[in-house]
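Here's the structure, in structure tokens; my notes come after.
The values are calculated or read from the model by the stated rules, or taken from the named source; none is laboratory data. Since the structure is predicted, the reported quantities are computational estimates derived from the model, not experimental observations. Ideal geometry is used to build each Cβ from the backbone, glycine not excepted, and the neighbour counts take in all protein chains shown.
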Amino acid sequence: MNHFDAMGRALELAWKGWGRVAPNPLVGAVVLQGNSVVAEGWHAEFGGPHAEAAALVSAGPAARGATVVVTLEPCNHQGQQPPCTEALIAAGVGRVIAAAPDPNPVASGGAARLESAGIPVEVGLRRAEAEAQNASFWHRWSGKPRPFVALKLATSLDARIADHSGHSRWISGEEARDYVHWLRAGFAGIAVGGHTARVDNASLTVRGSVTPRRVPTRVVFSRHVELTPGLDLVRTAREIPTVLLTEVTGPSAHLADLEDAGVRVHRVASLADGLAALSMEGVDSLLVEGGGRLAGALLEAGLVDRYYWIQSPVWLGDKGIPAISGFAGTSLVEAERWSVVERRPLGQDTLLVVDREPCSPA
Ligand SMILES: NC(=O)c1ccc[n+]([C@@H]2O[C@H](COP(=O)([O-])OP(=O)(O)OC[C@H]3O[C@@H](n4cnc5c(N)ncnc54)[C@H](OP(=O)(O)O)[C@@H]3O)[C@@H](O)[C@H]2O)c1
């Protein structure tokens, strides 16, 4: 296997930590002797062994003189685990190839430490893919006072998220819905607009193949705050963390009732303010699942970092509910062009993932 493909395999292995390692990054590693893979490893659990350490254990004596291909620069500090640099030096590896430098100032410096021990290090192979895989981790170092915000919508071919009567179940097929449950597991929060919370009675829970280490906080953006006690979100607010972000300023008996039901209420002045409040609660990544007016308002405010678009082969027509509304946009000349991160079929549907900007300058 060549180095490019070995990094591809390491990226694939890193996904095994999805939902289990955040706020740590996903990391995968492959140990090569010549062109043969002798061991693999990945960061499987928060606080558990790092990918390189797991791969070295699996390689045993075969690590001596080997090339270690890893998706993130090996860490150079004692945290819950010992520094990977020291494990690589002790194992006598011959060379390290890392996709991306570690942006965490506490853990970085791994490449320099390895080189000082005589181990050549190359950083940058498939860097953009590695950074996109850990977009919320990279966002933490961006200095923005808000979570990494990803928008996810399932739309018709003509970009409608519901039919003329507001029905959206189900625009997409089973594979896409399974994908969404997998996706939710990797986010610290899952959000909807007030209207979607009311009409869909969404439970916003994770019911897929991955059980997340942190149960995602459910978030409702609402201005008028008409959330009845019978809604699933309100009924289960004592068991599953649920936050209401509202722009209501005066006294409100309705808000007091919601708080009694276990909903944490934040009175905020704007969407950006609401996102900052979520950051303060430890919600470092947020998956916004619609509807169209909330999506448009977030785009208009420049608060979306990534868009997961699931497009389904169905037409809903002019009377359907638009996927995005309230987003003024610009001329084509001035319009932002986002970068494609992923494009693949999900059964009969198609997934497109785009990022507003690369995680770090190339
Ligand atoms: N296919 C999909 O992926 C998908 C996903 C979600 C929803 N849907 C469908 O979409 C429909 C709902 O979409 P929608 O566009 O009508 O409503 P929406 O975006 O879910 O909700 C809009 C509401 O968000 C709240 N909000 C808070 N801050 C806001 C701001 N700055 N700007 C705009 N809204 C803000 C307000 O809630 P208050 O009214 O409480 O003040 C507003 O009424 C439903 O039919 C649902 O089934 C489809």
For region 118-127, name all the residues that are more than 26 Å from the chain's Cα centre (by Cα) and assigned to a strand (DSSP E or B). V121, E122
Can we say R207 is assigned by TED's automatic domain parsing to the domain that holds E175 and out of contact with any helix residue (DSSP H, G or I) (no Cβ under 6 Å at 6 or more places or on another chain)? no
Look through region 102-122, keep the residues that are surrounded by fewer than 17 Cβ atoms within 10 Å (Cβ to Cβ) and touching a strand residue (DSSP E or B) at 6+ places or on another chain (Cβ under 6 Å), and return whichever of them is nearest to V70 (Cα to Cα). E122
For region 169-183, does any single residue satisfy the condition of being within 16 Å of the ligand (Cβ to nearest atom), under 18 Å from V353 (Cβ atoms), in contact (Cβ under 8 Å) with a residue 12 or more places away in the chain and in a strand (DSSP E or B)? no
A256, sole failed condition from (1) of a type in the set (A, V, I, L, M, F, W, C); (2) without any contact (Cβ under 8 Å) to a residue 24 or more places away in the chain; (3) crowded, with 19+ Cβ neighbours inside 10 Å: (3)
Out of S203, S209, report the one residue that is surrounded by fewer than 23 Cβ atoms within 10 Å (Cβ to Cβ), under 21 Å from L346 (Cβ atoms) and at pLDDT below 95. S209
Among P322, P361, P313, which is modelled with pLDDT under 95 and surrounded by fewer than 21 Cβ atoms within 10 Å (Cβ to Cβ)? P361
Considering region 12-53, residues that are under 13 Å from Q133 (Cα atoms) and touching a Gly at 6+ places or on another chain (Cβ under 6 Å), and then whichever is surrounded by the fewest Cβ atoms within 10 Å (Cβ to Cβ), we arrive at W18
Mind checking which pairs have a first residue in region 313-325 that is under 22 Å from G173 (Cβ atoms) and a second that is acidic (D, E) and more than 9 Å from the ligand (Cβ to nearest atom), Cβ under 7 Å, 6 or more apart or different chains? W315/D158; L316/D158; G317/D158
Extreme residue, nearest to the ligand (Cβ to nearest atom), among residues of region 260-319 that are within 23 Å of V234 (Cα to Cα) and among the hydroxyl-bearing types (S, T, Y): S270
Name the residue, out of K152, K144, that is assigned to a strand (DSSP E or B) and either outside the structural domain of V283 (by TED's automatic domain parsing) or of a type in the set (D, E, K, R) (or both). K152
Mind checking whether some residue in region 328-344 is within 11 Å of the ligand (Cβ to nearest atom), at positive phi and in contact with a Leu (Cβ under 9 Å, 6 or more places away or on another chain)? no
